[in-house]
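Student: Quick one: this structure, given as structure tokens, is what I'll be asking you about.
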Amino acid sequence: MGRRLAVGIEYEGSAYCGWQIQNAAPSVQAALEAALSRVADESIALTCAGRTDAGVHARAQVAHFDTEAVRSGHAWLLGANTYLPRDIGLQWVRTMPAHFHARYSALSRTYRYLILNRMARSALAAGRALLVHQSLEVEAMQQGARYLIGEHDFSAFRSSECQAHSPVRQLRALIVERRDDWISIEVTANAFLHHMVRNIVGLLLAIGLKRAPPERAREQLESRARSTGEATAAALGLYFWRVEYPAGFGLPPADSAIMDATMGPQGQG
């Protein structure tokens, strides 16, 4: 009987069509499955905590797979990272009970959107944060964010391609913070609709730029129509930031050291 393993993953998503395997386009999933299959000497299929779109990054993605291969955690980790491209990396490997599921066992997921709010571009943050030249009013963005907290029908924030059966989601936290030239928008929910975070960020950007009042958030939410929404924010500033599981699974916390040092606002987790 095989074993179930969980892996922690980070990736810079600029070169990929997203997490999920697609025809004739490079995906994060395909690169990881190919690397792990070489280590296992058998075909490996991954299930992740939350699929990400083209150009979206991940600081703490989690996935699981089943395998008959017997390898040490050290062998899985170093072997897979040897075969992976430089913009994808495994952070840890853990043996899990058979009932663990990277998607269905998750209690919540958190995304973070990073904005560099200044005139000068950053060579280090190119492709990893949205550059906004005009000054953003963070207090107004915070006011708008409060209207979205709670369990709501988020139809006005889902893409036309969204395949979710229900538009109702429980948004548990929506935190807008500034530190010097950096603004972070951190969103935690039980689950997300397609483009939901980027559409929320698009709305908050319009509020921060004084193109809409904070009450616009309530109006858009209550409309339940995506046609009433602001422009979808670019993918390049979005990160799958962390996923929470029951403590009994014993998964390691997300490591924020590199992100905190290079990208501004401090992460928790």
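Student: Could you list, in sequence order, the residues of the stretch 162-172 that are free of Cβ contacts under 8 Å to residues at least 60 places away in the same chain and assigned to a strand (DSSP E or B)?
Tutor: Of everything in the stretch 162-172, those that are free of Cβ contacts under 8 Å to residues at least 60 places away in the same chain and assigned to a strand (DSSP E or B) turn out to be V168, R169, Q170, L171.
Student: Taking the stretch 31-49 as the search range and keeping residues that are within 16 Å of R4 (Cα to Cα) and small (G, A, S), which one is nearest to the chain's Cα centre (by Cα)?
Tutor: Among those that are within 16 Å of R4 (Cα to Cα) and small (G, A, S), it is A49.
Student: While we're here: What residue, among those in the stretch 245-269 that are surrounded by 18 or more Cβ atoms within 10 Å (Cβ to Cβ), of a type outside the set (S, T, Y) and within 24 Å of L5 (Cβ to Cβ), is modelled with the highest pLDDT?
Tutor: Ranking the qualifying residues of the stretch 245-269, first place goes to L251.
Student: Go through (1) small (G, A, S); (2) more than 20 Å from the chain's Cα centre (by Cα); (3) surrounded by 13 or more Cβ atoms within 10 Å (Cβ to Cβ) one by one and return the number of the condition A106 breaks.
Tutor: For A106, the exception is condition (2).
Student: When you look at V93, is it in contact with a helix residue (DSSP H, G or I) (Cβ under 6 Å, 6 or more places away or on another chain), closer than 18 Å to P252 by Cα and outside the structural domain of T188 (by TED's automatic domain parsing), yes or no?
Tutor: Values: in contact with a helix residue (DSSP H, G or I) (Cβ under 6 Å, 6 or more places away or on another chain): yes; closer than 18 Å to P252 by Cα: yes; outside the structural domain of T188 (by TED's automatic domain parsing): yes.
Yes.
Student: Also, I was wondering about something else. Restricting attention to the stretch 47-86, and to residues there that are assigned to a strand (DSSP E or B) and of a type outside the set (A, V, I, L, M, F, W, C), which single residue is surrounded by the most Cβ atoms within 10 Å (Cβ to Cβ)? Outline the logic, then answer.
Tutor: First, the residues of the stretch 47-86 that are assigned to a strand (DSSP E or B): 47-48, 53, 57-67.
Going one step further and asking which of them are of a type outside the set (A, V, I, L, M, F, W, C), we end up with 47, 53, 57, 59, 61, 64, 66-67.
On the way: T47: 15, D53: 18, H57: 27, R59: 24, Q61: 30, H64: 20, D66: 14, T67: 20.
In this case the residue turns out to be Q61.
Student: Inside the stretch 154-178, can you point out the residues that are among the charged types (D, E, K, R) and modelled with pLDDT under 95?
Tutor: Answer for the stretch 154-178, where residues must be among the charged types (D, E, K, R) and modelled with pLDDT under 95: R158, E161.
Student: Taking the condition of being hydrophobic (A, V, I, L, M, F, W, C) and closer than 16 Å to A145 by Cα, how many residues in the stretch 218-235 meet it?
Tutor: 2
Student: Take the stretch 179-206 and flag every residue that is aliphatic (A, V, I, L, M), touching a residue at least 60 places away in the same chain (Cβ under 8 Å) and not in a loop (DSSP other than H, G, I, E, B).
Tutor: Taking the stretch 179-206 first, the residues aliphatic (A, V, I, L, M) are 183, 185, 187, 189, 191, 193, 196-197, 200-201, 203-206.
Of the ones still in play, those that are also touching a residue at least 60 places away in the same chain (Cβ under 8 Å) are 183, 185, 187, 189, 191, 197, 201, 204-205.
Those that are aliphatic (A, V, I, L, M), touching a residue at least 60 places away in the same chain (Cβ under 8 Å) and not in a loop (DSSP other than H, G, I, E, B): I183, I185, V187, A189, V197, V201, L204, L205.
Student: I'm told Y113 meets every condition in (1) modelled with pLDDT of 95 or more; (2) among the hydroxyl-bearing types (S, T, Y); (3) not assigned by TED's automatic domain parsing to the domain that holds L136 except one. Can you identify the failing condition by its number?
Tutor: Of (1) modelled with pLDDT of 95 or more; (2) among the hydroxyl-bearing types (S, T, Y); (3) not assigned by TED's automatic domain parsing to the domain that holds L136, only one is false for Y113: (3).
Student: Between A231, A225, which is farther than 25 Å from E139 by Cβ, small (G, A, S) and surrounded by fewer than 18 Cβ atoms within 10 Å (Cβ to Cβ)?
Tutor: Sole residue among the options that is farther than 25 Å from E139 by Cβ, small (G, A, S) and surrounded by fewer than 18 Cβ atoms within 10 Å (Cβ to Cβ): A225.
Student: For the stretch 203-213, enumerate the residues that are out of contact with any Pro (no Cβ under 9 Å at 6 or more places or on another chain) and surrounded by 20 or more Cβ atoms within 10 Å (Cβ to Cβ).
Tutor: Hits for the stretch 203-213 are L203, L204, L205, A206, G208.
Student: Inside the stretch 135-161, can you point out the residues that are touching a residue at least 60 places away in the same chain (Cβ under 8 Å) and exposed (fewer than 12 other Cβ atoms within 10 Å of the Cβ)?
Tutor: S160
Student: In the stretch 87-101, which residues are among the hydrophobic types (A, V, I, L, M, F, W, C) and assigned to a strand (DSSP E or B)?
Tutor: I88, L90, W92, V93, M96
Student: Given the condition among the hydrophobic types (A, V, I, L, M, F, W, C), in contact with a His (Cβ under 9 Å, 6 or more places away or on another chain) and under 23 Å from N117 (Cα atoms), answer yes or no: does some residue in the stretch 167-175 qualify?
Tutor: Taking every residue of the stretch 167-175 in turn, none turns out to be among the hydrophobic types (A, V, I, L, M, F, W, C), in contact with a His (Cβ under 9 Å, 6 or more places away or on another chain) and under 23 Å from N117 (Cα atoms).
The values are calculated or read from the model by the stated rules, or taken from the named source; none is laboratory data. If you're wondering where the values come from, they're calculated on a predicted model, not measured in any experiment. Using ideal geometry, Cβ is built from the backbone for each residue, glycine included, and neighbour counts are taken over all protein chains shown.
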